[in-house]
Amino acid sequence: MKFPQPVPVRELAAQLNAELIGETELIALGMNEIHHVQPGDVTFVDVEKYFDKALKSAASIIILNKRIDAPTGKTLLYCADPFQTYNNLALHYRPFLPVTAAVSDTADIGEGTVVEPNTIIGHHVRIGQNCYISANVIIGDHTVIGDNVLIQPGAIIGTDAFYFKKTAAGFVKWRSCGRVVIEDDAEIGAGCTINKGVSSDTVIGAGTKLDCKVHVGHDVRIGKRCLIAAQTGIGGNTVIGDDVVLYGQVGIAQNLTIGDKVVVSAKAGVSKDLDAGKSYFGLPAGEARKMYRELAALRLLPEFFAQYYK
Amino acid sequence: MKFPQPVPVRELAAQLNAELIGETELIALGMNEIHHVQPGDVTFVDVEKYFDKALKSAASIIILNKRIDAPTGKTLLYCADPFQTYNNLALHYRPFLPVTAAVSDTADIGEGTVVEPNTIIGHHVRIGQNCYISANVIIGDHTVIGDNVLIQPGAIIGTDAFYFKKTAAGFVKWRSCGRVVIEDDAEIGAGCTINKGVSSDTVIGAGTKLDCKVHVGHDVRIGKRCLIAAQTGIGGNTVIGDDVVLYGQVGIAQNLTIGDKVVVSAKAGVSKDLDAGKSYFGLPAGEARKMYRELAALRLLPEFFAQYYK
Amino acid sequence: MKFPQPVPVRELAAQLNAELIGETELIALGMNEIHHVQPGDVTFVDVEKYFDKALKSAASIIILNKRIDAPTGKTLLYCADPFQTYNNLALHYRPFLPVTAAVSDTADIGEGTVVEPNTIIGHHVRIGQNCYISANVIIGDHTVIGDNVLIQPGAIIGTDAFYFKKTAAGFVKWRSCGRVVIEDDAEIGAGCTINKGVSSDTVIGAGTKLDCKVHVGHDVRIGKRCLIAAQTGIGGNTVIGDDVVLYGQVGIAQNLTIGDKVVVSAKAGVSKDLDAGKSYFGLPAGEARKMYRELAALRLLPEFFAQYYK
């Protein structure tokens, strides 16, 4: 998430009641969790073994729970509970707004776009031209939708990331301040659920078509012209290339990279990165030729043992 | 789809701006894609290698993009873009009608049928007697529902087929002009999605019960007295017999035939036709006895290799 | 289900038009199907091979279709169709009430709880304090929700059990008179479906978090602080311990017991009870170490056969 306007780190430190270490004149441009940080971003770390990763990341400002030396050119913000402080920051810049009307006053809806009844368009949503938003759809706050997009009935766009921090008091939810961005000519099937990014964006690329009941996790980035069949699910932070085809009921784990033009057979369970242009199959998914050879060998195994142990 | 009234082919040719070849006096009764054509139907073909299949099909009138001789007794309609012409024909006879009210004026709802709040009943829907249509349901245009049918909350019936033509400009959607037909005593679970046929019907047979979040693709025909457990998905054009039991999270690929009284275990992935009366299991699904023998053999394999390579 | 007040068995027999055998002075406290009976409960049995199980169960009153001697201290209620009689009893004490308003007059909603638009809260629902019930949610009759619970958009809570009796006339549905109970600090994801108990309760434990489109069958009991990822499904009557983690698209069959702190990998299909504290994987799911050894062996099999049969 980018802040509505740049924030000097001194001001940030005061606002968060944190102790400033290192550069005192930096300007914070936004905030992001560690997977998505860019220069100017605030991030946080609260487990010592990840300090190094956070300090060497692109983030300019790091909230943390130990007084250490700041790397050159960076600002550290020391406080007792970095996670809660980060959550508070998210809540400050993207406050929770209850639904107050079917279509929020702050939603910006382009010419030629139709919104059917029983549909809720949240606050600060931007929808382009000539879209069709069907009945019983929910479009969460800050969602951005391009032109010529079709949202089928019952789709739910912009729900919270399923992302919790385990604490002694139970699971505490990361405050999702990210967005969902749906590019031109995309289609979202009936009953799909698309989580918003934790602090970044979940993106459905231009011309990509989702069938019914597809689930897209937080911060997933799907490329252009993909076809994703019914009941498929994609875990958080995964990046999918262009022209990818996922057949029905495929599952793709979190934090993976799927190359361009990959084809994944129905019901496959993907647990590793997939190379561009290849076909995959099975649980766990492997390259289709290899998997079919294994299946063929397995077919022979009962008879082999029957002979071998005769 | 049958046309509301028969259309002489000369009139059709003029309407579509197509060149008429062969029989000039035929009467078109309806339209269908190649999997479902009947005598009197219009269909189309635009890839030369499929010309023969289309010309020899039951279709009486074929829209195509090459001037060739018409088979005896058939009419060809030559035009530059048969797919678009076919889509236009679908749109002409089944125009798109936005939702205008919770229950359309043109819906015909039988005696004793209850419709709960927040539910949308589309145009030209017919619902029989003593049905119960729960809250937050969407029933799309032209759906036909028999007597004593229960539709649980949040079910979405009659959404578009997930069926696209790949073109240089991206995926172009087939205009779905088919319907969903739900026969007497059927039950549709909460959050189910049932696509309408592309040009034909998707059918849920009498007495068949769908659990929550089942997905049924376009033009699927499910027989009578089937039990289909939660989160199962069935691909387009597949035909399922009577008295079939599909356990939870089963996936059945498109264009298959599943015999009567078949039982498919939970999570199985069916990629081939299944014989009547048998039980199936696994990914890809095989006959249960065979699959269990393979699993038992696989169990022994690590120890076998440990001994063999010792 | 407990009856609103205790019912003497003589009164019950008269009400159900059943013949009383055995103890005539018992007081019925509630009703339950055989999996969940407690002392004071009415249950039924109509298949002779299950008579013994029913008679020896904790149930105090058994509806059955044969005149036999009552065990000491129990009452038998003889009638022609015990299933229908039991269904009638359920319907009598928990009559079907159509939705009449967005929030029923009889719903009891705690202080600080927010209910968004387009949401339906059924009759006799109890919701605690500081809950957030999002838009397009349906909460069925008699549901009980604790404090600080978040229900995401489009969740459907308290739908019928998918539970039918096969008769010559087709499937007849068990009348679900059970409830859904969601304890404090739980979260129910967008598009989840949770069935009510047949005659008992479906329970989501305190602090447990469900991701989007999870399906929970009838009478399932999920413990505390579990994490259940998207598109997972849990079959009826299954009991899940505390601190369990189910990754995405897991399926768990009906009538199982899953120990505390179990972890099940994505897409696994669980068909047996799972031991506390272990990790599981695969279809059918086995202990992860064992399954990975099998997978590693299978990888070698094609080359082994190639050498062996050379």
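The values are calculated or read from the model by the stated rules, or taken from the named source; none is laboratory data. None of the values given here were measured: they were computed from a predicted structure. Ideal geometry is used to build each Cβ from the backbone, glycine not excepted, and the neighbour counts take in all protein chains shown. Ligands, DNA and RNA are stripped out before the accessible areas are found, and what is left, the full protein with its side chains, is counted by its heavy atoms. Shrake-Rupley method; radii C 1.70, N 1.55, O 1.52, S 1.80 Å.
When B:GLY158 is tested against the conditions (1) under 30 Å from A:VAL149 (Cβ atoms); (2) open to solvent by less than 10 Å² (accessible area, probe 1.4 Å), the lone failure is (2). In the set (1) open to solvent by less than 10 Å² (accessible area, probe 1.4 Å); (2) in contact with a strand residue (DSSP E or B) (Cβ under 6 Å, 6 or more places away or on another chain), B:LYS165 fails one condition alone, (1).
Just one of (1) within 11 Å of chain B (Cβ to nearest Cβ); (2) more than 24 Å from C:ALA285 (Cα to Cα) fails for A:VAL262. It is (1). Candidates A:ASP147, A:ASP185, A:ASP201: the one that is within 10 Å of the chain's Cα centre (by Cα) and in the same structural domain as A:LEU227 (by TED's automatic domain parsing) is A:ASP201. Are any of the residues in segment C:112-134 touching a Ser or Thr at 6+ places or on another chain (Cβ under 7 Å) and acidic (Asp, Glu)? Yes; the residues of segment C:112-134 include at least one that is touching a Ser or Thr at 6+ places or on another chain (Cβ under 7 Å) and acidic (Asp, Glu). Filter segment C:2-35 down to residues that are open to solvent by 10 Å² or more (accessible area, probe 1.4 Å) and charged (D, E, K, R) and give me whichever is modelled with the lowest pLDDT. The residue in question is C:LYS2. Per this entry, B:TYR309 is counted among residues that are open to solvent by 50 Å² or more (accessible area, probe 1.4 Å), aromatic (Phe, Trp, Tyr) and at pLDDT below 95. Out of C:PHE51, C:PHE44, C:PHE83, one residue alone is touching a residue at least 12 places away in the same chain (Cβ under 8 Å) and in contact with a helix residue (DSSP H, G or I) (Cβ under 9 Å, 6 or more places away or on another chain). It is C:PHE44.
For segment A:261-289, taking the residues that are of a type outside the set (A, V, I, L, M, F, W, C) and open to solvent by less than 50 Å² (accessible area, probe 1.4 Å), the one that is farthest from B:GLY233 (Cα to Cα) is identified as A:GLY286. Mind listing whichever residues of segment B:13-41 are of a type in the set (A, V, I, L, M, F, W, C) and out of contact with any Leu (no Cβ under 7 Å at 6 or more places or on another chain)? If the condition is that a residue be of a type in the set (A, V, I, L, M, F, W, C) and out of contact with any Leu (no Cβ under 7 Å at 6 or more places or on another chain), then B:ALA14, B:LEU26, B:ILE27, B:LEU29, B:ILE34, B:VAL37 are the ones that fit. Can you confirm whether B:ASN88 is polar (S, T, N, Q), touching a strand residue (DSSP E or B) at 6+ places or on another chain (Cβ under 8 Å) and open to solvent by 10 Å² or more (accessible area, probe 1.4 Å)? Here the answer is no, as B:ASN88 does not meet what is asked. Within segment C:141-161, the only residue that satisfies the criterion of being within 21 Å of B:TYR132 (Cα to Cα) and in contact with a Cys (Cβ under 6 Å, 6 or more places away or on another chain) is C:ALA155. Looking only at residues in segment C:267-289 that are in a loop (DSSP other than H, G, I, E, B) and acidic (Asp, Glu), the one that is nearest to the other protein chains (Cβ to nearest Cβ) is C:ASP273.
If you take the residues in segment B:191-205 that are part of a loop (DSSP other than H, G, I, E, B) and within 26 Å of C:THR159 (Cβ to Cβ), which one is nearest to the other protein chains (Cβ to nearest Cβ)? I'd like the intermediate steps shown before the answer.
Initial filter on segment B:191-205 (part of a loop (DSSP other than H, G, I, E, B)): B:191-192, B:196-200, B:205.
Still in the running and within 26 Å of C:THR159 (Cβ to Cβ): B:191-192, B:196, B:205.
Values: B:GLY191: 5, B:CYS192: 9, B:LYS196: 11, B:GLY205: 11 Å.
Ranking the qualifying residues of segment B:191-205, first place goes to B:GLY191.
The number of residues in segment C:120-134 that are assigned to a loop (DSSP other than H, G, I, E, B) and either at pLDDT below 95 or within 22 Å of the chain's Cα centre (by Cα) (or both) comes to 5.
Taken over segment B:149-162, the criterion of being more than 10 Å from every other protein chain (Cβ to nearest Cβ) and outside any strand (DSSP E or B) is satisfied by B:VAL149 alone.
Here is a yes/no grid of residues against (1) within 14 Å of chain B (Cβ to nearest Cβ); (2) open to solvent by less than 40 Å² (accessible area, probe 1.4 Å):
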| site | (1), (2) |
| --- | --- |
| C:LYS209 | no, yes |
| C:CYS226 | no, yes |
| C:THR232 | yes, yes |
| C:ILE252 | yes, yes |
| C:MET291 | yes, yes |
| C:LEU300 | yes, no |
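Residues of segment C:104-119 that are within 21 Å of B:TYR132 (Cβ to Cβ) and either open to solvent by 40 Å² or more (accessible area, probe 1.4 Å) or modelled with pLDDT under 90 (or both): C:THR106, C:ASN118. Being within 16 Å of C:ALA190 (Cα to Cα), modelled with pLDDT under 95 and either open to solvent by 20 Å² or more (accessible area, probe 1.4 Å) or outside the structural domain of A:HIS35 (by TED's automatic domain parsing) (or both) is a property that holds for A:LYS173. The listed residues are B:GLY128, B:GLY146, B:GLY178, B:GLY140, and the only one of them that is in contact (Cβ under 8 Å) with a residue 12 or more places away in the chain, open to solvent by less than 20 Å² (accessible area, probe 1.4 Å) and within 13 Å of chain A (Cβ to nearest Cβ) turns out to be B:GLY140. The number of residues in segment B:234-250 that are under 20 Å from C:PHE171 (Cα atoms), touching a strand residue (DSSP E or B) at 6+ places or on another chain (Cβ under 8 Å) and more than 9 Å from every other protein chain (Cβ to nearest Cβ) comes to 5. Being away from chain A (no Cβ under 14 Å) and under 27 Å from A:TYR163 (Cα atoms), is that true of even one residue in segment C:164-173? Scanning segment C:164-173, I find no residue that is away from chain A (no Cβ under 14 Å) and under 27 Å from A:TYR163 (Cα atoms), so the answer is no. Scanning segment C:36-79 for residues that are more than 19 Å from C:GLY22 (Cβ to Cβ) and surrounded by fewer than 20 Cβ atoms within 10 Å (Cβ to Cβ) yields C:VAL47, C:LYS49. Scanning segment C:177-190 for residues that are in a loop (DSSP other than H, G, I, E, B) and touching a Gly at 6+ places or on another chain (Cβ under 7 Å) gives C:GLY178, C:GLU183, C:ASP184, C:ASP185, C:ALA186, C:ALA190. Candidates are the residues of segment C:106-118 that are closer than 18 Å to C:GLY158 by Cα and assigned to a loop (DSSP other than H, G, I, E, B); the one that is farthest from the other protein chains (Cβ to nearest Cβ) is C:THR106.
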